[in-house]
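See below for the structure under consideration.
Every number in this text was worked out from the coordinates using simple rules, so none of it is lab data. Please read these numbers as outputs of a predicted model, since none were measured by experiment. Note that we place each Cβ from the backbone using ideal geometry, even for glycine, and neighbour counts take in every protein chain shown.
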Amino acid sequence: MQVVTLGTGSPIPDPSRAGPATLVRAAGRDFLFDCGRGVLMRSAAALTGPVAFTAVLLTHLHSDHTTDLNDIITMRWVGSPGPNPLPLVGPPGTGALADRTLAMLSDDIGYRRAHHADLDWEPACSVTEVSDGVAYDDGTVRIVAAPTDHAPVHPTVGYRIEAEGKVVVIAGDTVPCAGLDRLCAGADAYVQTVIRPSLIEPIPFPRLQDILDYHSSVEDAAATASRAGVGTLVLTHLVPAPAPGSEPEWEAEARAGFGGTVVVAHDLWQLEL
Ligand SMILES: [Zn+2]
Ligand SMILES: [Zn+2]
């Protein structure tokens, strides 16, 4: 299995970090988890793209995790030789998001259908909504969802990908919780979105202070990883983005509570399992 952190940024625009998105490659299939800002640029760098995605899985419907869904839908549609609905998995509400995204694209869909004689079908999503349980299973790759805690954002899920004898967890935005512990139990790799409260607390901007209570801190992620006996902890969606050269501080903070491997991810960082 391979994990590629396509985008390691957050809602805050960053010239070197795309929005949240992680690619998991297993048994010749490409699974995309979340689709933040710039996901198709980073996917191109990882030699995959909208037509090749086996499925797109959303952890929750916060805009930083879904903003480029429309780009994926459009480019899969115009890049496919025939009807090729996008398999889209996510928490309840995902179907409505897909419908609204397609509605938003209706002008563009009309222009392109009128211009390309051979494009005589409309883009579509094949949606599976999940809260707790199997989200995908083709006999070779199995993906299990469990509820996470990103309150007041609800519902939210994390995913456990099991394939080739390995386990990877894509947690999304969440504080430590029972669902997350279940997903992480014995995982080879655990990818967690994190913040560093010690850097956020001094910033006098109330809207930034609001994010403190619904994300895992680096310490929280380390505690979850340690409790679950995870092999490698991957920190992503870093808020605030580490100043260049300060990544070792993030790593040290995680190592204080976790004895396994710690990675402070950057865009297009890869892990082979
Ligand atoms: Zn969120
Ligand atoms: Zn987020």
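Summary of values
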quantity: Cut-off 11 Å between beta-carbons: net charge of the residues surrounding Pro152, Lys and Arg +1, Asp and Glu -1; calculated: -3
quantity: Note, ³J(HN,Hα) from phi for segment 227-240, Karplus 6.51, -1.76, 1.60, rounded to Hz, x at Gly and Pro; calculated: 4, 8, x, 6, x, 10, 9, 10, 8, 9, 6, 7, 10, x
quantity: Leading residue at positive end of dipole, segment 1-105 (Cβ point charges), from Ala44, Thr8, Ala103; calculated: Ala44
quantity: Derived scalar couplings ³J(HN,Hα) [segment 179-190; Karplus, 6.51 cos²θ - 1.76 cosθ + 1.60; whole Hz; x for Gly, Pro]; calculated: x, 5, 4, 4, 4, 7, 3, x, 5, 6, 9, 10
quantity: Cβ charges +1 (Lys, Arg) and -1 (Asp, Glu), total dipole of segment 2-272, debye; calculated: 260 debye
quantity: Relative contact order (%) - segment 202-273, alpha-carbon pairs under 8 angstrom, separation at least six; calculated: 37 percent
quantity: Cβ-based net charge around Gln2, under 14 Å, with every Lys or Arg adding one and every Asp or Glu removing one; calculated: -1
quantity: Selected from Ala241, Ala151, Ala18 as most flexible by GNM, with the chain as the system and alpha-carbon contacts under 10 Å; calculated: Ala151
quantity: Long-range amide H partners of Tyr136 with built H, under 5 Å; calculated: Ile143
quantity: Whole-Hz couplings from phi, Karplus 6.51/-1.76/1.60, listed for segment 49-61; x for Gly and Pro; calculated: x, x, 6, 8, 5, 5, 7, 10, 10, 9, 7, 6, 9
quantity: Pairwise centroid distance, computed over Cα atoms, of segment 12-51 with segment 210-255, Å; calculated: 21 Å
quantity: Packing-based ranking, highest mean first, of 209-218, 53-62 given that Cβ atoms within 10 Å are counted; calculated: 53-62, 209-218
quantity: Amide H within-cut-off set for Leu86, under 5 Å, with H built and near neighbours excluded; calculated: Ala124, Cys125, Ser126
quantity: Residues with amide H under 5 Å from that of Ser217, placed H, sequence gap 5 or more; calculated: Ile195
quantity: FRET efficiency, Ala27 to Phe205 (Cβ-Cβ, R0 51 Å, nearest 0.05); calculated: 0.70
quantity: Segment 2-272 - convex hull of alpha carbons, volume per residue in Å³; calculated: 125 Å³
quantity: C-alpha long axis of helix 106-115 to longest principal axis of the chain, angle in °; calculated: 40 degrees
